Amino acid sequence: MQSRKADQRTDASMPEVFQAQVSEALRQRIEGCYEDASLQIFKLVVGPVANNVYILRCKQTLEAALIDAANEDALLLEACRALGVRVVIETHGHWDHIQAVPAVASAGINVCIASDDSAMLDSYDRVLEDHQILTVGRLKLHCLHTPGHTPGSMCFAVENTQVLFSGDTLFPGGPGNTSLEGGDFPTIISSIQTRLFDRFSDDTLVLPGHGDPTTIGAERPHIGEWIERGW
């Protein structure tokens, strides 16, 4: 993917409990990627294909959700314990996004995935539906079905913010890969146009499943180029 870095906030601070109770390895690898009065978002890059794992944390209740239990289960479990993760939310079911799912499930953390991708997991606790609203403490996370990368791909928008978790649907420089089984290029283009570009403002921060963040405004003008090149 061509990279066009976004002008985004990266000032999320580490909570005191986190700083006091976690290993040096986790302290070195986790980073804050967004913070406002109500929430913090942290990121870990894990596994052989550098997956972004996000932890969305409510500052009022200190409850949190982890988005994509991708890999390195010991590291993710430590982060879950330190930051109060109560649920794991999967953007889709590809192998690189689910390697730590058995470990987090064994630790008693509920796992959610869209029905169209649920067969990619050995087990899960809850099926995600389009337009569903998940609660994380006092935060509300809106589920958007965005098929194309996989049939059950989901994006998640945090209510009353300009933050969008795009999974492998939208990256800096274009859509996610549609060459794998279940992928479809016209479908992902339609998802990006109708579910993301038509709904969100230019300054919406997009946090993808791999690589750098971007904004809707940075990507919107280029959809014609993506359609012309076919990927």
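The values are calculated or read from the model by the stated rules, or taken from the named source; none is laboratory data. Since the structure is predicted, the reported quantities are computational estimates derived from the model, not experimental observations. In this analysis, Cβ positions are derived from the backbone assuming ideal geometry, glycine residues included, and neighbour counts consider all displayed protein chains. Each accessible area value is taken on the protein alone, full model and side chains, heavy atoms only, with ligands, DNA and RNA left out. Shrake-Rupley method; radii C 1.70, N 1.55, O 1.52, S 1.80 Å.
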**Request:** Could you check Pro175 against (1) more than 18 Å from Ile113 (Cα to Cα); (2) open to solvent by 30 Å² or more (accessible area, probe 1.4 Å); (3) of a type outside the set (D, E, K, R); (4) out of contact with any strand residue (DSSP E or B) (no Cβ under 9 Å at 6 or more places or on another chain) and say which number it fails?
**Result:** (2)
**Request:** Pairs only if they're at least six apart or on different chains, beta carbon under 6 angstrom, first in segment 101-122 and modelled with pLDDT of 95 or more, second open to solvent by less than 60 Å² (accessible area, probe 1.4 Å) and hydroxyl-bearing (Ser, Thr, Tyr); list them, first residue then second.
**Result:** Asp117/Thr150
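Filter segment 78-108 down to residues that are of a type in the set (A, V, I, L, M, F, W, C) and surrounded by fewer than 19 Cβ atoms within 10 Å (Cβ to Cβ), then give me how many there are.
Taking segment 78-108 and keeping what is of a type in the set (A, V, I, L, M, F, W, C), we get 79-80, 82-83, 85, 87-89, 95, 98, 100-101, 103-105, 107.
Then drop every residue that is not surrounded by fewer than 19 Cβ atoms within 10 Å (Cβ to Cβ), which leaves 95, 103, 105, 107.
So the answer is 4.
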**Complete:** Among Arg199, Arg138, Arg195, the single one that is among the basic types (Lys, Arg) and within 21 Å of Ala64 (Cα to Cα) is Arg138
**Request:** Report, ordered by the first and then the second residue, all pairs with beta carbons closer than 8 Å, sequence separation of six or more or different chains, a first member in segment 60-82 that is closer than 20 Å to Asp96 by Cβ, and a second member that is open to solvent by 10 Å² or more (accessible area, probe 1.4 Å) and at pLDDT below 95.
**Result:** Leu75/Ala25; Ala79/Val22
**Request:** Of all residues in segment 137-158, count the ones that are in contact (Cβ under 8 Å) with a residue 40 or more places away in the chain, open to solvent by 10 Å² or more (accessible area, probe 1.4 Å) and farther than 14 Å from Ala114 by Cβ.
**Result:** 3
**Message:** Among the residues of segment 15-49, what is the count of those that are open to solvent by 50 Å² or more (accessible area, probe 1.4 Å) and modelled with pLDDT of 55 or more?
**Reply:** 12
**Message:** Any residue in segment 188-207 that is buried (at least 20 other Cβ atoms within 10 Å of the Cβ) sitting within a Cβ distance under 6 Å of a residue that is at pLDDT below 95 and not in a helix (DSSP H, G or I)? List the pairs, counting only those 6 or more apart or interchain.
**Reply:** Leu205/Gln8
